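What follows is a short report on a single structure.
The values are calculated or read from the model by the stated rules, or taken from the named source; none is laboratory data. This one's a predicted model, so the numbers in the text were calculated from it and none came from an experiment. Cβ: placed from backbone, ideal geometry, glycine included. Neighbour counts: every protein chain shown. What goes into the accessible areas is simple: the full protein's heavy atoms, side chains included, and nothing from ligands, DNA or RNA. Shrake-Rupley method; radii C 1.70, N 1.55, O 1.52, S 1.80 Å.
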Amino acid sequence: MKQILIVSGKGGTGKTSITASLASYFESLVLVDCDVDASDLYLILKPEVQQTFDFISGHTAHILQKDCTQCSMCLNVCKFDAVKVGNKGTLCIDAIDCEGCGVCIWMCPQKAIEFPESLCGQWFFSNTRHGPMVHAKLAIGAENSGKLVSEIRGYATKIAKNQKKDIILIDGPPGIGCPVIASLTGVDCVVVVTEPTLSAIHDMERIIALAKHFGISTYVCINKSDINEELTQTIKKRIKVLDVELVGEIPYDTAFTRAQVQKKSIVEYSNGKTTQCIEELAQKLMSKII
Ligand code: SF4
Ligand code: SF4
């Protein structure tokens, strides 16, 4: 079983559209959407949820008003300004601001603060027309997205082993932070989807450096390659210097949007040049990981 991660560094390069399109070419597949802060692969693949799981992470403090004497100790010791003075002068804790450090629990003379585990989101095991998919939704303001990414990837690996699937295709999160590192760990190859813009080139170089740091085979695909020929040439020169192979070049195509409106990937929607380019990309990737 091989794992392919599609990343971009910068949002808006077409990473998710390309991931959804690649799914058509891998027959024995488990899909994972690791963009847990703002997942959108489901918009194209219409997953039918089979199981829902709570994502529990960390703790949140909560004052039990019946036991509280309003001594203000918690207000004074909280370094995150999570303890607020309510309408009637009573103290309460804002769950969004509480970092779960536990200091107020230790300091409260009345033991009037409970410290339950936090529900930080949910994740889902679903069926799609291309096979099983694991995806998630992090709660608003919740952190630990890297831990959630690790959790859903672990489940996807279990499903792939149980169902004897050959490929895990991962739609990665943007940026180079904790969730991206959690997405990179243990994959067989990384495809960086970039576009000929200065910010995308900058972010491409950052993600290549990160992937290389982990010793992962890294490839580049240039999306919308015809919108700025000069910058496309710049990308080609930069990746040559970085010793990274170009595996795909996809033209700008408004059919991506029309396909999305119909909840399809472009390869399901059109037989045009773009579809041929993505098919070639899939074939190249197959040859790299087999
Ligand atoms: S430290 Fe305890 S008793 Fe004092 S205000 Fe806070 S919750 Fe109430
Ligand atoms: S657990 Fe920490 S962050 Fe949360 S209210 Fe108590 S002291 Fe503040």
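Electrostatic tally near Leu242: other residues with Cβ closer than 13 Å to its Cβ, Lys and Arg +1, Asp and Glu -1, net +3.
Our helix-only sum for the chain, with -39,500 (n - 2.57) per DSSP H run of n ≥ 4 divided by its residues, gives a mean residue ellipticity at 222 nm of -10500 deg cm²/dmol. When the solvent-accessible area of the range 61-115 is split by element, carbon and sulfur atoms take up 56 percent of it, the probe being 1.4 Å.
For the chain, modelled as a GNM with alpha-carbon contacts under 10 angstrom, which of Asp67, Asp243, Asp37 fluctuates the most? Maximum fluctuation in the GNM of the chain, among the listed residues, is at Asp67.
Relative to the longest principal axis of the Cα atoms of the chain, helix 273-289 runs at roughly 80 degrees. Only lysines eight or more places from Lys111 in sequence, or on another chain, were considered; those with a Cα closer than 17 Å are Lys66. Label-to-label distance, Arg129 versus Lys212, with points set 7 angstrom from Cα along the beta-carbon direction: 4.0 nm.
Taking R0 as 41 Å, what's the FRET efficiency between Asn87 and Gln50 from their Cβ-Cβ distance, rounded to 0.05? The value I calculate is 0.40. Each other residue within a Cβ distance under 14 Å of Glu205 adds +1 if Lys or Arg and -1 if Asp or Glu, for a net charge of +4.
Protein heavy-atom accessible surface, 1.4 Å probe, per residue over the range 146-190: 39 Å². Comparing Lys15, Lys147, Lys273, which has the greatest mean-square fluctuation in the GNM of the chain with Cα pairs linked when under 10 Å apart? Of the options given, Lys273 has the highest mean-square fluctuation.
Output the pairs from Lys137/Lys273; Lys212/Lys264; Lys137/Lys165; Lys10/Lys161; Lys15/Lys240; Lys46/Lys212 with a Cα-Cα distance over 30 Å in this structure; if there are none, say none. In this structure, Lys137/Lys273; Lys212/Lys264; Lys10/Lys161; Lys46/Lys212 lie more than 30 Å apart at Cα. So how far apart, in nm, are the two label points at Asn271 and Lys240 if each is 7 Å from Cα heading toward Cβ? Roughly 3.7 nm, to one decimal. A crude spin-label estimate for the pair Ala139 and Leu198, with each label 7 Å from Cα along the Cβ direction, gives 4.2 nm.
Defining a contact as two alpha carbons under 8 Å apart and six or more residues distant in sequence, what relative contact order in percent does the chain show? Worked out over the chain, it gives 27 percent. Of the residues Asp203, Asp33, Asp171, the one that moves most in a GNM of the chain with alpha-carbon contacts below 10 Å is Asp203. Farthest towards the positive end of the charge dipole of the range 1-126, among the residues Phe26, Cys98, Ile44, is the Cα of Cys98, using unit charges on the Cβ of Lys, Arg, Asp and Glu. Counting only protein heavy atoms and a probe of 1.4 Å, the accessible surface of the range 122-271 is 52% carbon and sulfur.
For the range 33-90 versus the range 194-224, the inter-centroid distance based on Cα atoms is 34 Å. Accessible surface area normalised per residue over the range 61-115 is 66 Å², counting heavy atoms of protein chains with a 1.4 Å rolling probe.
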